[in-house]
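Trainee: Sharing a structure, written as structure tokens. Questions coming.
The values are calculated or read from the model by the stated rules, or taken from the named source; none is laboratory data. What you are looking at is a predicted structure, and each value in this text was computed from that prediction instead of being measured. Cβ atoms come from the backbone with ideal geometry, glycine included; neighbour counts cover every protein chain shown.
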Amino acid sequence: MTEQIGVAVLGATGSIGSSTLDVLRLHQGRFKIVSLTGWKRIDALRQLSTEFTPALIAAEPEHVPDLGSSPLDGREGGCYLGGEDGLVAAATHPEVDTVVAGVSGAAGLRSTLAAVQAGKRVLIANKEPFVMCGELLRNAASESGACLMPIDSEHNAIFQCLPLEAQRDVTSGRGIGRTSEGAGVSRIALTASGGPFLRAPAAAIARATPAEALAHPIWNMGPKISVDSATLMNKGLELIEACNLFGLQESQIDIIIHPQSVLHSLVYFDDGSLIGQMGNPDMRIPISHGLAYPKRAASGIAGINLAEVGQLNFEPPDLERFPSLALAREAA
């Protein structure tokens, strides 16, 4: 019997974490959950500890005592930790092979970097670490032998479209724009649904309520990324992430509005070819790809029915209504 792959799910009670656990439930003989982290959702963490009995659970320090009635108490060597030190311990646990970095925002930086420095296979769903210190992460991967695997839907789509040699350059931290002779990539395009304000006038966007900003028409996401998506700031951050992850200039990266959100990104090659990756808009698909790579595994999500989709629409973004895209290009 093949030895199980040990997994750490950072941000287990959030959107990415929940999707990851859905995929892992489909492959319990292949993967073993070693560590889970949450923050304030203690009831959810307690339920997950009952289901998966991990070796380590990390949460906000003041809530760690609330986990004391969890079944983890009976596991030999099981422990609870608090704060960033707990996140780092979860990411670097010796039984962990693969880390799903799903902590939103800058809060996930230290644990993601620690996982890379420890030589883990790191599935990166939170774009902020690559926005803030992409070079540091790449260098750490080169030194430790870690594997960097993008599972943000657009960057995972780009990754899937690349030749195998170029994929290896990405996972090792070298990037396709730096070392991949013959990869033949001329540019890439990140698609965006346009969010809830795609057709809204600028005045309406300025007056938008939090509830309106959170009402994304396609994707089911956490609150921070939903608001960032409503202003297209999220797409701007994804542009910077793509520069740092793939080693490309911002001038080599297009942003295209694609309301149907079934074509997740595209790669343009020097020979005039264009390759894109399609799939239903559900994070379980890129998560499944990252967990199983270089193989494939069921995600629990059905394939696209192109006849039902009917048509694919594309248009350039309106930079006057969504100025954050221009700001991101300037920052990149």
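Trainee: Could you list, in sequence order, all residues of segment 294-312 that are surrounded by fewer than 11 Cβ atoms within 10 Å (Cβ to Cβ) and either under 14 Å from residue 261 (Cα atoms) or of a type in the set (A, V, I, L, M) (or both)? Outline the logic, then answer.
Mentor: At the first step, the residues of segment 294-312 found to be surrounded by fewer than 11 Cβ atoms within 10 Å (Cβ to Cβ) are 294-296, 302-303, 305, 307-308, 310-311.
Across segment 294-312, the qualifying residues are 302, 303, 305, 307, 308, 310, 311.
Trainee: Hey, among 120, 127, which residue is under 11 Å from residue 8 (Cβ atoms) and either modelled with pLDDT of 95 or more or not small (Gly, Ala, Ser) (or both)?
Mentor: Just one listed residue meets the conditions, 120.
Trainee: Just a yes or no: is a residue in segment 22-41 free of Cβ contacts under 8 Å to residues at least 40 places away in the same chain, surrounded by 19 or more Cβ atoms within 10 Å (Cβ to Cβ) and assigned to a helix (DSSP H, G or I)?
Mentor: no
Trainee: Quick check, is residue 255 of a type in the set (A, V, I, L, M), in contact with a helix residue (DSSP H, G or I) (Cβ under 8 Å, 6 or more places away or on another chain) and either over 20 Å from residue 199 (Cβ atoms) or not assigned by TED's automatic domain parsing to the domain that holds residue 209 (or both)?
Mentor: Values: of a type in the set (A, V, I, L, M): yes; in contact with a helix residue (DSSP H, G or I) (Cβ under 8 Å, 6 or more places away or on another chain): yes; either over 20 Å from residue 199 (Cβ atoms) or not assigned by TED's automatic domain parsing to the domain that holds residue 209 (or both): no.
So residue 255 does not fit the description; no.
Trainee: Out of (1) within 24 Å of residue 189 (Cα to Cα); (2) surrounded by fewer than 18 Cβ atoms within 10 Å (Cβ to Cβ), what's the single condition that is false for residue 145?
Mentor: Going through the list (1) within 24 Å of residue 189 (Cα to Cα); (2) surrounded by fewer than 18 Cβ atoms within 10 Å (Cβ to Cβ), residue 145 breaks only (1).
Trainee: What are the residues in segment 281-332 that are closer than 21 Å to residue 266 by Cα and acidic (Asp, Glu), if any?
Mentor: Within segment 281-332, 282, 315, 318 qualify.
Results for (1) of a type in the set (A, V, I, L, M); (2) assigned to a strand (DSSP E or B), shown as yes or no for each residue.
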{"residue": "266", "(1), (2)": "yes, yes"}
{"residue": "272", "(1), (2)": "no, no"}
{"residue": "275", "(1), (2)": "yes, yes"}
{"residue": "282", "(1), (2)": "no, no"}
{"residue": "287", "(1), (2)": "yes, no"}
{"residue": "291", "(1), (2)": "yes, no"}
{"residue": "294", "(1), (2)": "no, no"}
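Trainee: Step by step: first the residues of segment 315-332, then only those that are of a type in the set (D, E, K, R) and in a helix (DSSP H, G or I), then the one that is nearest to residue 253 (Cα to Cα). Which residue is that?
Mentor: Only one residue tops the list, namely 329.
Trainee: Of all residues in segment 263-273, how many are under 28 Å from residue 327 (Cβ atoms) and either free of Cβ contacts under 8 Å to residues at least 60 places away in the same chain or buried (at least 21 other Cβ atoms within 10 Å of the Cβ) (or both)?
Mentor: Within segment 263-273, the subset under 28 Å from residue 327 (Cβ atoms) is 263-268.
So of that shortlist, the ones also either free of Cβ contacts under 8 Å to residues at least 60 places away in the same chain or buried (at least 21 other Cβ atoms within 10 Å of the Cβ) (or both) come out as 264-267.
Total satisfying the criteria: 4.
Trainee: Separate question: Against the condition of a type outside the set (Asp, Glu), at negative phi and touching a strand residue (DSSP E or B) at 6+ places or on another chain (Cβ under 9 Å), how does residue 231 come out, does it pass?
Mentor: no
Trainee: Within segment 172-185, does at least one residue satisfy the condition of being in a strand (DSSP E or B), farther than 23 Å from residue 11 by Cβ and out of contact with any helix residue (DSSP H, G or I) (no Cβ under 6 Å at 6 or more places or on another chain)?
Mentor: The answer is no, given that none of the residues of segment 172-185 is in a strand (DSSP E or B), farther than 23 Å from residue 11 by Cβ and out of contact with any helix residue (DSSP H, G or I) (no Cβ under 6 Å at 6 or more places or on another chain).
Trainee: Please work out which one of (1) at pLDDT 95 or above; (2) closer than 15 Å to residue 96 by Cβ is the condition residue 26 fails and give its number.
Mentor: Of everything listed in (1) at pLDDT 95 or above; (2) closer than 15 Å to residue 96 by Cβ, residue 26 misses just condition (2).
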